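The values are calculated or read from the model by the stated rules, or taken from the named source; none is laboratory data. Values in this document were obtained by computation on a predicted structure and should not be read as measured data. Glycine gets a Cβ as well: all are built from the backbone with ideal geometry, and neighbour counts include every protein chain shown.
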């Protein structure tokens, strides 16, 4: 096992895949000499050169389109968008081209492409730089959307995404880059896409989350265990395809479900998952599925207001206790 930061795990995955497959190359703004805004690509330009680590103009629509074209011709581009907020100007390329080309060409042409991008809030980056927009893309057939919440998953899922024959939106989180964890010291280690993981066993309530909210969920579960309440935490890991069955198996055991996400609840990941849980587990539920999300406002700049808008541990715990109270447990 190796101890790495989330950032280092991503870099190692990129390094491994660049070395393994000459068709893999990176492209994005300032990812070469400057080594990327979050230093995920540090050292790779020096190691592989400008043909494999390509600097792009500040034109997300342009270089995402170039990546799609390269993928259609048989290469495997890994496109870095500085933050998910900047992907909005490339929505046409992602949704109308990358996600639909295999269908429109009758399966004869694919787009084996990864789009890496961080999202989330927590550093006073305000309304235009603090969004969690992954649910928008997860609603579109033809593109896979993943959001690893651990160091091992960041490494293993990025390798799998690069080897996938369809486009993958690989959602990271700004706060996660400095999170440390262990991962197998094995260059062949991969994690399949489309499978959720039970990351903490429990019997009283199922708490489902993705990305950095998984870390918050685990802390809430540890806090409530001191009161004898055992929460099972399920890390979705993948939003499309969505592994609803693993979630349902947990809910059948605990009879209660709480979904937490950093994005807005309305039309969010939790809304979709709640509908599936009610369908799959209607006879098993002792209470309606509860949801916690970010406040439905543009993210404020003020630190106190930013904290008020985020789904912090206190809000998740309050929702969990309220849900359990309906059953006379907490």
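Any chance the stretch 155-174 includes a residue that's surrounded by 23 or more Cβ atoms within 10 Å (Cβ to Cβ), farther than 30 Å from residue 69 by Cβ and either touching a residue at least 12 places away in the same chain (Cβ under 8 Å) or over 11 Å from the mean Cα position of the chain (by Cα) (or both)? Looking for residues that are surrounded by 23 or more Cβ atoms within 10 Å (Cβ to Cβ), farther than 30 Å from residue 69 by Cβ and either touching a residue at least 12 places away in the same chain (Cβ under 8 Å) or over 11 Å from the mean Cα position of the chain (by Cα) (or both), one finds none in the stretch 155-174, hence no.
Condition (residue is assigned by TED's automatic domain parsing to the domain that holds residue 7, outside any loop (DSSP other than H, G, I, E, B), over 15 Å from residue 269 (Cβ atoms) and at pLDDT 95 or above) applied to the stretch 107-114: is it met by at least one residue? Taking every residue of the stretch 107-114 in turn, at least one turns out to be assigned by TED's automatic domain parsing to the domain that holds residue 7, outside any loop (DSSP other than H, G, I, E, B), over 15 Å from residue 269 (Cβ atoms) and at pLDDT 95 or above.
In this structure, residue 269 qualifies as touching a helix residue (DSSP H, G or I) at 6+ places or on another chain (Cβ under 7 Å), within 21 Å of residue 242 (Cα to Cα), touching a residue at least 60 places away in the same chain (Cβ under 8 Å) and surrounded by 13 or more Cβ atoms within 10 Å (Cβ to Cβ). Could you please let me know if residue 81 is in contact with a strand residue (DSSP E or B) (Cβ under 9 Å, 6 or more places away or on another chain) and within 21 Å of residue 137 (Cβ to Cβ)? Yes; evaluated as a whole, the condition is true for this residue. Only one entry in 323, 310 is farther than 23 Å from residue 134 by Cβ, surrounded by 14 or more Cβ atoms within 10 Å (Cβ to Cβ) and either touching a strand residue (DSSP E or B) at 6+ places or on another chain (Cβ under 7 Å) or not assigned by TED's automatic domain parsing to the domain that holds residue 265 (or both), namely 323. None of 88, 75 is touching a strand residue (DSSP E or B) at 6+ places or on another chain (Cβ under 7 Å) and surrounded by fewer than 19 Cβ atoms within 10 Å (Cβ to Cβ) except 75. Against the numbered list (1) farther than 24 Å from residue 139 by Cβ; (2) exposed (fewer than 15 other Cβ atoms within 10 Å of the Cβ), residue 256 comes up short only at (2).
Kindly indicate whether any position in the stretch 97-112 is surrounded by fewer than 23 Cβ atoms within 10 Å (Cβ to Cβ) and in contact with a strand residue (DSSP E or B) (Cβ under 6 Å, 6 or more places away or on another chain). Scanning the stretch 97-112 turns up at least one residue that is surrounded by fewer than 23 Cβ atoms within 10 Å (Cβ to Cβ) and in contact with a strand residue (DSSP E or B) (Cβ under 6 Å, 6 or more places away or on another chain).
Please enumerate the residues belonging to the stretch 23-55 that are touching a residue at least 24 places away in the same chain (Cβ under 8 Å) and over 24 Å from the mean Cα position of the chain (by Cα). 23, 43, 47, 48, 51, 52, 54, 55 - these are the residues of the stretch 23-55 that are touching a residue at least 24 places away in the same chain (Cβ under 8 Å) and over 24 Å from the mean Cα position of the chain (by Cα). Here 209, 274, 217 are screened, and the one residue that is crowded, with 19+ Cβ neighbours inside 10 Å, touching a residue at least 12 places away in the same chain (Cβ under 8 Å) and over 23 Å from residue 157 (Cβ atoms) is 274.
With respect to (1) part of a loop (DSSP other than H, G, I, E, B); (2) within 13 Å of the chain's Cα centre (by Cα), the lone exception for residue 121 is condition (2).
Per the listing 227, 222, the residue uniquely over 30 Å from residue 75 (Cα atoms), assigned by TED's automatic domain parsing to the domain that holds residue 308 and in a loop (DSSP other than H, G, I, E, B) is 227. Only residues that are under 21 Å from residue 251 (Cα atoms) and surrounded by 14 or more Cβ atoms within 10 Å (Cβ to Cβ) were counted in the stretch 287-307, giving 6. Is it true that residue 242 is touching a residue at least 60 places away in the same chain (Cβ under 8 Å), within 22 Å of residue 285 (Cβ to Cβ) and under 16 Å from the mean Cα position of the chain (by Cα)? Against the criterion (touching a residue at least 60 places away in the same chain (Cβ under 8 Å), within 22 Å of residue 285 (Cβ to Cβ) and under 16 Å from the mean Cα position of the chain (by Cα)), residue 242 qualifies.
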